[in-house]
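Engineer: For reference, the structure I am asking about is given below.
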Amino acid sequence: MAFNFDECIDRRHSDSYKWQKYAGRDVIPLWVADTDFRSPPCIIEALRARVEHGVFGYGSSPTDLTEIFIQRMRERYQWEVKAEWLVFLPGLVSGLHLAVRALTAANEAVVIPNPIYPPFRAAARSAGREQRLAPMRRDADRWCVDFAGTDPALTGNERLLMLCNPHNPGGSAYRREELLQHLAFAREHDLLVCSDEIHCDLLLTPGLRHIPFASLDEDAAQRSITLMSPSKSFNIAGLGASVAVIPNARLRMKFAAQRAGLVPAVDVLALCAANAAWRGGQDWLAAQIDYLRGNRDRLKARLRDMPGLTLAGPEATYLAWIDASGLGVADPHAFFEQAGVGLSAGADFGDRRFVRLNFGCTRGVLDAALARMAQAIDRANPHSGSLT
């Protein structure tokens, strides 16, 4: 089946958080991490059938979804997951907050990569936990955690290591040896691990394979919580359905205790969408990855002609972490917003010299945004030589 990712769907007058931010302004939104693509037909058809049933009472435990998820983990990652390990949640961010509260005490600290997806630090801050930042370093065309640079900041009260794989915003898909470094660091400092793997399906570089942290060995499994969701892969973030994989029964009980009475069950439509996505969305997902790879390559080629901007990767996700330090402007986010392109501010992730660009959009929208960025650079520096 052919899927049309060039279809232009007007989201300006919808309930889109992404597009409503710039309502009434001539700004192209390439910020928050959802795509502008129509979700797979199998999801739309499943939701239509469920809506036509017409009754939306309390849902039962998602037995079918449990079986589908277990099979998916086995087939894609050779990871044997048990049904009792799974805790379904109405969103991955709630999983980050629950993990911090369940796995750390008030006098314990959380080790967090920097830069990082903002809810990581928000989860620690909301729980009143101290934070130790593990700096990311650029290694050729990839971003990796610098554990040597992390050790001097530790004081001994750290209890939880937060992992984002693939990394948001850097776009690195961690290799086995890199994950083993995370595990060795966790062992050395007696840390539990919370691994956000929401972008695990979205590997753009051919030949790469996602490796769940908990699949490394039994020790990794017993000290970790893994968070996954179909939301980014199939553009159903507005239908919150995520899963926490917690092999350790004691950690699972702590997680459930923090959740009780505060975080609700996943609603029936979200479960329906997740079921359809993981059951029948693979062909659509493969086609989307091809399209996103084309967008990424187009973006990298255009950025090479924009003086002051550099980009490492990304080898996964549909997010580009762009180094704008060479522009010589105090606020790169404001600079491009004034030019009509709404990016994510690097300061929100931990480095104000950067901006994050979401290329999960039609090629026409991407080209229009890149043209505006190039023109803004030319206006700021008429002798820059960028191509508009």
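The values are calculated or read from the model by the stated rules, or taken from the named source; none is laboratory data. Being a predicted model, the structure only gives us computed values, none of them experimental. Quick reminder, even Gly has a Cβ in these numbers, built from the backbone with ideal geometry, and neighbours come from all protein chains shown. SASA here: full protein model, heavy atoms, side chains in, ligands and nucleic acids out. Shrake-Rupley method; radii C 1.70, N 1.55, O 1.52, S 1.80 Å.
Engineer: Collect the residues in region 46-88 that are assigned to a loop (DSSP other than H, G, I, E, B) and open to solvent by 100 Å² or more (accessible area, probe 1.4 Å), keeping them in residue-number order. First the steps, then the outcome.
Structural biologist: Looking only at region 46-88, we keep the residues that are assigned to a loop (DSSP other than H, G, I, E, B), and these are 54-62, 78-82.
Result: Phe56, Tyr58, Gln78, Glu80, Lys82.
Engineer: Could you grab me the full set of residues in region 302-335 that are within 13 Å of Phe359 (Cβ to Cβ), of a type in the set (A, V, I, L, M) and open to solvent by 10 Å² or more (accessible area, probe 1.4 Å)?
Structural biologist: Just the residues of region 302-335 that are within 13 Å of Phe359 (Cβ to Cβ), to begin with: 302-303, 311, 313-314, 316-322.
Subset that is of a type in the set (A, V, I, L, M): 303, 311, 316, 319-320, 322.
Once the filter is applied, which keeps residues that are within 13 Å of Phe359 (Cβ to Cβ), of a type in the set (A, V, I, L, M) and open to solvent by 10 Å² or more (accessible area, probe 1.4 Å), region 302-335 yields only Leu311.
Engineer: Mind checking which residues of region 109-136 are open to solvent by 50 Å² or more (accessible area, probe 1.4 Å) and touching a residue at least 24 places away in the same chain (Cβ under 8 Å)?
Structural biologist: Tyr117, Arg121, Ser126, Glu130, Leu133
Engineer: Out of all the residues in region 306-324, is one or more touching a residue at least 12 places away in the same chain (Cβ under 8 Å) and assigned to a helix (DSSP H, G or I)? If you could, list the steps in order and put the result at the bottom.
Structural biologist: From region 306-324, those touching a residue at least 12 places away in the same chain (Cβ under 8 Å) are 306-324; that's our starting set.
Among the residues that remain, those that are also assigned to a helix (DSSP H, G or I) are: none.
The answer is no; no qualifying residue exists.
Engineer: Would you check if there is a residue in region 350-358 being part of a loop (DSSP other than H, G, I, E, B), outside the structural domain of Arg209 (by the TED database) and open to solvent by 50 Å² or more (accessible area, probe 1.4 Å)?
Structural biologist: Looking through region 350-358, at least one residue is part of a loop (DSSP other than H, G, I, E, B), outside the structural domain of Arg209 (by the TED database) and open to solvent by 50 Å² or more (accessible area, probe 1.4 Å).
Engineer: Residue by residue through region 185-218, note down the ones that are open to solvent by 50 Å² or more (accessible area, probe 1.4 Å) and over 21 Å from the mean Cα position of the chain (by Cα).
Structural biologist: Answer for region 185-218, where residues must be open to solvent by 50 Å² or more (accessible area, probe 1.4 Å) and over 21 Å from the mean Cα position of the chain (by Cα): Arg187, Glu188, His189, Asp190, Asp217, Glu218.
For (1) among the basic types (Lys, Arg); (2) free of Cβ contacts under 8 Å to residues at least 24 places away in the same chain, each residue gets a yes or a no:
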{"position": "Arg72", "(1), (2)": "yes, no"}
{"position": "Tyr77", "(1), (2)": "no, no"}
{"position": "Glu80", "(1), (2)": "no, yes"}
{"position": "Phe88", "(1), (2)": "no, no"}
{"position": "Gly95", "(1), (2)": "no, no"}
{"position": "Ala102", "(1), (2)": "no, no"}
